[in-house]
Every structure is written in structure tokens, then in C-alpha cells.
Amino acid sequence: MNRAILEKALANLPPEIGHKTEWGIYIPDHNYRVDARVTFNPNIKKAIVRNAEIKKEIRKHHIPQLKELQNKVGPLMLVAERLYPNIKKALNEAGIDWMDVVGNIHLEEGETLIWIDHHTTTPIQQKKNRAFTKTGLKVVFLFLHDDAWLNRTYREIAEAADVALGNIKHVLDGLKEHEFIYAKNENVRKLKNRNKLLDRWITAFADELKPRIQKGRYNFINKRDEQNWKNLPLGEQDYWGGEPAADLLTNDLKPVEYILYTKKNRAELMKELKLMPDDNGKVKIREPYWTIENDLPNIAPHLVIYTDLMVAGDPRNIKIAEDIYAETITDKALRSSARPAQRTFANCRKGVHPI
């Protein structure tokens, strides 16, 4: 919890919005501790009370999680160092109040609405952490997929991540700087704060890596091909990600959009897969950013699928993503802190099992 963020945010509110703060409130019914509880008293008969979650900043994929938390602990306010306009809009739509450090606030209860949104924040220039650049993220993906890679040689890591050898030390140093790596003994390195690293990976993927691997949008030439998308003649290096991959794993998510990772060029996509370029198409083509072997043919690694679903930010995707996390990713990479599995993927292709 960053206490200074809330204190600064409250200090920059207009004086007529009175407030009282309690820190570290434990909610016994849900075995959860919120960062703070703030009572606002803007000269009305009844004060407005909000449980406060404090973050430096958030992205779209965090909002369903905040909504779920609000359903458990009661009226919630997100307090952040900075909030982008699209995030403020999404928070409003989700019914979550918010406040930032420069005095912007959205607080609504009954007929009372306090909404100030004209102060701007100046982005803080920070030293770039090499672990979360386009190149570094490919290496971090490898470690999150299986942290045994932390104990391979720099050359082996570089080859597996398909990056230049000189990048590996910078990535490891960046992870150490933020305490994502610890030395178990002289010869063994392990990841720590894995859930926090995973969240950082998803945010950085959306900002840094995803824009650089986009290869355009397409649509199915005819409706029948869309209905029979599972039967498209994919090659060995073509992989469904996102919603179609989740549906193949769980049989519980009818795709609205289709993410396909492939090295095929436009002519090959049109000729072999009967796709046509369309700026608003349902099929998003991306360059694969991993080299590890997949457990299932034509399905991206489970961490790729999880990331795609979380970045999309659709509540139905978030639920399926959490199931995939619990059932597969925790089994292999997160065994030490695994959450209870919620679903067994019995419909996976015969003879092949999830991670």
C-alpha cells in the first residue's frame, strides 16, 4: 500500500469536501484487508463511506477484479497516482468511484454526485527497466512459463527467447532491482512475488509488446468459415490465442474475436485460410513472440492465452482466464502458490493434457 498516494489525493481535494481516513481496515466476513476507509462529508446530512484500494496506476484488465472486490467488501474507491481518461470512463461504467493525486474525483451515492475532472497530471519520467521492454518481455515470458529457465546459461536463455545474448544480464538485473528474483542457494535462482510479476507482465505486454507484434486485422471471406473456424487448415506454426484458444481448452467461451498467432504473410492468409484484410475485422493476426514448444497443436501456450484474455478486459474473459490460470499455469509454474483449480479441461484433445 502506498499511503502517500491517498494522503496527497485527499490534500488536493477542495476544502469543502471534508474527509476522515482510517488505515488498513480488516473485513472479517471476507478475510480481506482494504488499504483504507475514507469517510467523505461534503456538507450533506449523511456522510459517504468508501473502502479504498490504492494503486500507482491501473489498466483495463484490473477493472473486473476491482468490481469483484466491490461486490465482496462494499462500496469501493480506487485511489491512483494517475488515471487515464479511458480508465476513468471504464471505472464509471463499472460503478467504481475513483480519485487521483491532483484532486480529480468521482464520487456518487444516491442523488449526490461529486465529479471533478479538470486537473492534469504530468507523467513522471522514470528510468526504463530493461525487463519490461519489448525484448525483455520475451525473456520474462520464458521465466513465467517455467522459472527453471532462470538457471540455464545466458546463451540458452537468449536462444529460447529469440533475443540477443547481451540482453539477458540487463533483464535479470531489472528483475532483481524490483525483487522478482531471489537466490535459493549459490546455484539456484527462483522467482519471487510471482503474482505481482505476472500482473506487471500483462500491463507491459499491452503497452510495449502487443503493439509491435500486430500484423493487421482480417475477416472471414464467408460466414461458413467463421462458423467452422475450428476446421481451418492451420499449419504447424499457426496458433490460436485469446478466445478461440480458451474455447478449445474449455468448450465454454464462444469467440467474439479471433486472435491468431502466425508467421504467414497477407497472401498466404488470404489463399490458405480464406481471410481478407479488414481494419474492423474479427480476426487479429499477431506474430508469435515465443519459441517454446506448445503442448497442444495449434494452441498457444497457456500463459499467452491467459494474457490475451486478461488484456481484453471482458468480464466473461476474465473468469475463463482465472480458470485457465488455476487449472494449468499454477500446476506447472505456480505450484507453490497455486489457487484451487475450478475446472478440469476434459475436452482437450485426446491423449494430450494441459500444462
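Annotation note: GluC sites (Glu not before Pro) in the range 1-106 located in DSSP loop regions with a Cβ neighbour count of at most 12 within 10 Å are GLU16.
Segment GLU208..ASP117, full-extension length gain: 30.0 nm, with 0.36 nm per residue of separation and the alpha-carbon distance subtracted. Sorting TRP290, TRP201 on solvent-accessible area from highest to lowest, probe radius 1.4 Å, gives TRP290, TRP201. The H on the amide N of GLY281, modeled in the peptide plane, is under 5 Å from the matching H of TYR218, each at least 5 residues off or on a different chain. Using the Karplus relation 6.51 cos²θ - 1.76 cosθ + 1.60 with θ = phi - 60°, the per-residue 3J(HN,Hα) values for the range 222-238 come to 9, 5, 5, 5, 5, 5, 10, 4, 5, 9, 4, x, 6, x, 5, 10, 10 Hz, with x marking Gly and Pro. Paramagnetic label reach from TYR84 (point 7 Å along Cα→Cβ; backbone nitrogen cut-off under 20 Å): within the range 189-207, residues 197-207. Rolling a 1.4 Å probe over the protein heavy atoms leaves ARG212 with an accessible area of roughly 130 Å². Its Cα centre serving as origin, the range 57-138 has a Cβ charge dipole (Lys and Arg +1, Asp and Glu -1) of approximately 940 debye.
Taking a straight Cα-Cα cut-off under 17 Å and skipping sequence neighbours fewer than 8 places away in the same chain, the aspartates and glutamates within cross-link reach of LYS134 are GLU159, ASP162, ASP173, ASP199, ASP207, GLU208, GLU287, ASP308. Over the chain, Cα pairs under 8 Å with separation of 6+ residues give a relative contact order of 12 percent. Listed by chain and number, the lysines whose alpha-carbon sits under 16 Å from that of LYS46, ignoring those within fewer than 8 places in the same chain, are LYS20. For a Förster distance of 45 Å, can you work out the FRET efficiency between the beta-carbons of ASN228 and ASN41, rounded to the nearest 0.05? Efficiency for this residue pair is about 0.15. The residues of the range 115-235 have, on average, 59 Å² of accessible surface per residue, using a 1.4 Å probe with all protein chains present.
Sorting the segments 314-322, 238-246 by their mean number of nearby beta carbons within 10 angstrom, highest to lowest, gives 238-246, 314-322.
For the chain, DSSP calls about 70 percent of its internal beta bridges antiparallel.
Applying a threshold of 21 Å to the alpha-carbon distances of LYS254/LYS319; LYS60/LYS210; LYS176/LYS210 flags LYS176/LYS210 as lying beyond it. For the chain, the 222 nm mean residue ellipticity estimated from helices alone, with every DSSP H stretch of n ≥ 4 adding -39500 (n - 2.57) and the total spread over all residues, rounds to -9500 deg cm²/dmol. If I ignore ligands, DNA and RNA and count only protein heavy atoms, how much of LYS196 is accessible to a 1.4 Å probe, in Å² to the nearest 10? Approximately 130 Å² of LYS196 is accessible to the 1.4 Å probe. Amide H contacts of LYS192 (H built 1.01 Å from N, in plane; Pro and chain starts excluded): ILE181, TYR182 sit under 5 Å, all sequence-distant by 5 or more or on other chains. For LYS56, the lysines whose Cα comes closer than 19 Å to its Cα, not counting residues fewer than 8 places off in the same chain, are LYS8, LYS67, LYS88, LYS89, LYS127, LYS128, LYS196. Would you mind getting me the FRET efficiency between HIS178 and LYS271? Use the beta-carbon distance for r and R0 = 41 Å, nearest 0.05. The pair HIS178/LYS271 has a calculated efficiency of 0.35.
Neighbours of TYR289 by Cβ distance under 13 Å: Lys/Arg scored +1, Asp/Glu scored -1, total +3.
The values are calculated or read from the model by the stated rules, or taken from the named source; none is laboratory data. These numbers were taken from a predicted model, which means no experiment stands behind them. Because the Cβ atoms are built from the backbone with ideal geometry, glycine has one as well, and the counts that use them run over all protein chains shown. Keep in mind that these areas ignore ligands, DNA and RNA; they rest on the heavy atoms of the full protein, side chains included. Shrake-Rupley method; radii C 1.70, N 1.55, O 1.52, S 1.80 Å.
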